[in-house]
Number of protein chains: 2
Amino acid sequence: MDTLARTADDVELDRLNGALGFLLRLAQLKVYEHFFAEVGGRDLRPGEFSVLWVIRCNPGIRQSMLGQRLMIKRAHMTKLIRALEDRGLVSRCIPDEDRRAVELTLTAVGRTAIDEAAEWFFTYEDGVGANMSAAERKQLLDLLHKFIGL
Amino acid sequence: MDTLARTADDVELDRLNGALGFLLRLAQLKVYEHFFAEVGGRDLRPGEFSVLWVIRCNPGIRQSMLGQRLMIKRAHMTKLIRALEDRGLVSRCIPDEDRRAVELTLTAVGRTAIDEAAEWFFTYEDGVGANMSAAERKQLLDLLHKFIGL
DNA sequence: TAAATATTGTTTACAAGGAAACAATCTCTC
DNA sequence: GAGAGATTGTTTCCTTGTAAACAATATTTA
């Protein structure tokens, strides 16, 4: 508490060690660091990949639902989708049943792009948590599923 | 794969279900949502709280080390600290041993503020993961510690 | 059916956070 | 000890993401 920390591991976190939200934030920052170190040079960021992937798995999904599932706010989703549309990866379609909504599908180019990206993306993802045993990693996955409510 | 998702739970994530980085991002977004819903009106955000808390636990800690531990980049740390200094919570001191560095301590006001904030902050943190059993929550904490390398 | 309310996506204006270039200081090597 | 290189913090500019107001369409209520 009163000895000055000389190295990063000496830093005392005290009660933050038991703070779940805090640890999740740190974990996520570590993931990002890892991501940009390994595959930062690619043309898809994590958010963009997940959007394309989910559209691929759910063709015709509406923007609002995509946002709900990926926890992306509407204002931001609009920009993301427009950028992907401008790159020719996604196409937007307004359904007759609800002319406010937008239904999303991949273009042929988008499908090719995501299939190609999936190779390196999931390879990278498999490397996340490489400092844990397979059993621990699996346990962490399961607990996160439960935490998220998925 | 080809049935259009009607509700958010119907959205198929497929391989993303096993992607640790992706799940951590989702978990963290859920934490933030929870935070702003519950204690968003307070005058300290999660990042600010953690900075003040760690300074409290490690008086005289240097900016660089604080940033390393909390994974906050130097450019951003500068702004954070200046804002906290402007609010009279933190004081900066340049040590004689290394005149490039900045050593951080709390002001009396800062100490009072963080002690007061700690009440609601940790109460809030205890509510994170309330949908899990105590054992699961503990397990998640331990696994995150290991994942982060703490 | 007409008016009130809710939902969906967009726009605009801003806050949070990062990358790169910089200045100051320290350390290492010769 | 003089110069090369590393470290620390700051500044500037840019990207990512959000909040709030808005427009268009649906739904509910009277």
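The values are calculated or read from the model by the stated rules, or taken from the named source; none is laboratory data. These numbers were taken from a predicted model, which means no experiment stands behind them. All Cβ positions, even for glycine, are placed from backbone atoms using ideal geometry, and neighbour counts span all protein chains on display. For accessibility, only protein heavy atoms count, side chains too; no ligands or nucleic acids. Shrake-Rupley method; radii C 1.70, N 1.55, O 1.52, S 1.80 Å.
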Quiz prompt | Accessible surface, chain A, averaged per residue in Å² (probe 1.4 Å) | solution = 50 Å²
Quiz item: Hey, which residue of A has the C-beta nearest the axis mapping A onto B, and what's the distance in Å?
Solution: A:GLN28, 2
Quiz item: Of B:PHE35, B:PHE22, B:PHE49, which is the most mobile in a GNM of chain B whose springs link Cα atoms less than 10 angstrom apart?
Solution: B:PHE22
Quiz item: Within 10 Å of each Cβ of B:80-88, how many other protein chain Cβ atoms are there on average?
Solution: 0
Exercise. Determine the shielding of peptide A:60-73 by partner chains: average, over its residues, the number of Cβ atoms on other chains within 10 angstrom of each Cβ.
Key: 4
Exercise. Go ahead and set up a Gaussian network model of chain B, Cα springs under 10 Å, then flag whichever of B:ALA37, B:ALA19, B:ALA83 fluctuates most.
Key: B:ALA19
Quiz item: In debye to the nearest 20, how big a dipole does chain B give about its Cα centre with +1 on each Lys and Arg Cβ and -1 on each Asp and Glu Cβ?
Solution: 660 debye
Quiz prompt | Inter-copy spacing of B:THR7 label points, which lie 7 Å from Cα along Cα→Cβ, given in nm from shortest upward | solution = 5.3
Quiz item: Cα centroid distance between segment A:42-99 and segment B:40-75, in Å?
Solution: 35 Å
Quiz prompt | Accessible area (Å², 1.4 Å probe, nearest 10) - A:HIS145 | solution = 40 Å²
Exercise. Work out, step by step, the length gained on full extension between B:SER91 and B:ASN17: first 0.36 nm times the residue separation, then minus their alpha carbon distance; give nm to one decimal.
Key: 22.1 nm
Self-check item: Positive minus negative residues near B:ARG100 (Lys, Arg vs Asp, Glu; Cβ under 14 Å)
Solution: 0
Practice problem: Between beta-carbons, use under 15 Å as the cut-off and find the net charge around A:ALA117, counting Lys and Arg +1, Asp and Glu -1. | Solution: -3
Quiz item: Can you list, shortest first in nanometers, how far A:ASP98 lies from the same residue in the other copies, with each label 7 Å from Cα toward Cβ?
Solution: 5.6
Self-check item: Summed side-chain charge close to B:MET65 - residues other than B:MET65 whose Cβ falls under 9 Å, Lys, Arg +1, Asp, Glu -1
Solution: +2
Practice problem: Find every distance from the label point of B:GLY18 to the corresponding label point in the other copies (7 Å from Cα along Cα→Cβ) and write them in nm, one decimal, shortest first. | Solution: 3.6
